[in-house]
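Contents: one structure, followed by commentary.
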Number of protein chains: 2
Amino acid sequence: MSVPCICTTLRSASRRMIAFYDETIAPVGVNIAQFSLMRSIARVEPVTLTALGRRVELDRSTIGRNVRVLEKMGLVELGRGEDQREATVALTEAGHKVLEDGAPLWDGAQKALDDRLGVEFMRQLHVALDSL
Amino acid sequence: MSVPCICTTLRSASRRMIAFYDETIAPVGVNIAQFSLMRSIARVEPVTLTALGRRVELDRSTIGRNVRVLEKMGLVELGRGEDQREATVALTEAGHKVLEDGAPLWDGAQKALDDRLGVEFMRQLHVALDSL
DNA sequence: ATGGATTGCGGGTATATGCCCGCGTAAGGC
DNA sequence: GCCTTACGCGGGCATATACCCGCAATCCAT
């Protein structure tokens, strides 16, 4: 009894980390999920929603909705692919600027954790989480 | 570049684990978040929403909403505390039965992970995540 | 080329989660 | 005992996330 499952522990840690990163990245006007998604877009833009979803392991409909929020914020632009079914997404100037401005904040959060817990610990944690 | 932040890695791992546990626990009719919350309730019922929220580190409003879903499912009962402001929650018979029936499923998921990754690995991961 | 299978989306539905506001109750200071 | 402060909640608002359905476009085998 009272042994929490790894899932609960993971969800809890995830919520705490999200709160920490959200606060860190807040000055540029997005949350960490949005920042992270924009970083993913930046690497392959323009990209279709389905392809992006596969890359980041999120449901396509989730990508579609999240991207629409970013569109309303003027950070990404939606377009059509050669295949008329495809909806593509790419960062706007403003979007690129957010990534640029956010990078040092993001680095700061990363560094704060490395300092507190040790680079090696963080590296191993990364590997461990990826193996789940 | 391309170094994903621990937050992203954590969120991703969390989603995967949630999907795994959701599937595992699905036969009893709840998801892992609900099962986990019910387990927490079981340890201290009847308990006020605020007290429960503090225990599980969730916003009170989140607890309130999640508990209402469980109430509609007939798994918990809401009541009033001595303090007229307080709303209390306790498991119903059906709720206790879900925990009982779900326990072996939950154990199975736990064991599957222990087998695949090693008990010691899982123990260390627990400790690591709690330290975040 | 034509009809069936596949693919890509949008929208509906549902849960999880956090923050903020306003209301009503309880507790404390004087 | 009264008034101010603190506390507990519900509801509103917003995001993240998944699954399913139906539509439209594309592809493929015959």
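Annotations for the structure displayed:
- Scanning segment B:98-132 for residues that are closer than 27 Å to B:Met73 by Cβ and either aromatic (Phe, Trp, Tyr) or at pLDDT below 90 (or both) gives a single hit, B:Trp106.
- Note on segment B:93-107: residues that are open to solvent by 40 Å² or more (accessible area, probe 1.4 Å) and under 18 Å from the mean Cα position of the chain (by Cα) total 8.
- Tally, over segment A:66-80, of residues that are within 11 Å of DNA strand C (Cβ to nearest atom), open to solvent by less than 60 Å² (accessible area, probe 1.4 Å) and within 14 Å of A:Leu37 (Cα to Cα): 1
- Any hit, segment A:24-40, residues being under 30 Å from B:Val127 (Cβ atoms), free of Cβ contacts under 8 Å to residues at least 24 places away in the same chain, more than 10 Å from chain B (Cβ to nearest Cβ) and surrounded by fewer than 22 Cβ atoms within 10 Å (Cβ to Cβ): yes
- Any pair with Cβ under 7 angstrom, 6 or more apart, that starts in segment B:71-84 at a residue that is within 14 Å of chain A (Cβ to nearest Cβ) and ends at one that is within 11 Å of DNA strand C (Cβ to nearest atom): none
- The residues in segment B:70-109 that are more than 12 Å from DNA strand D (Cβ to nearest atom) and not small (Gly, Ala, Ser) can be counted, and the count is 19.
- Residue match in segment A:54-65 (condition: open to solvent by 50 Å² or more (accessible area, probe 1.4 Å) and more than 14 Å from every other protein chain (Cβ to nearest Cβ)): yes
- Every condition in (1) open to solvent by 50 Å² or more (accessible area, probe 1.4 Å); (2) within 17 Å of B:Ser40 (Cα to Cα) holds for B:Asp115 except the one numbered (2).
- From the list B:Arg16, B:Arg43, B:Arg11, the lone residue that is within 14 Å of DNA strand C (Cβ to nearest atom), open to solvent by 40 Å² or more (accessible area, probe 1.4 Å) and of a type in the set (Lys, Arg) is B:Arg11.
The values are calculated or read from the model by the stated rules, or taken from the named source; none is laboratory data. These figures come from a predicted structure and were not determined experimentally. Because the Cβ atoms are built from the backbone with ideal geometry, glycine has one as well, and the counts that use them run over all protein chains shown. Note: accessible area is taken over every heavy atom of the protein model, side chains too, but ligands, DNA and RNA are not part of it. Shrake-Rupley method; radii C 1.70, N 1.55, O 1.52, S 1.80 Å.
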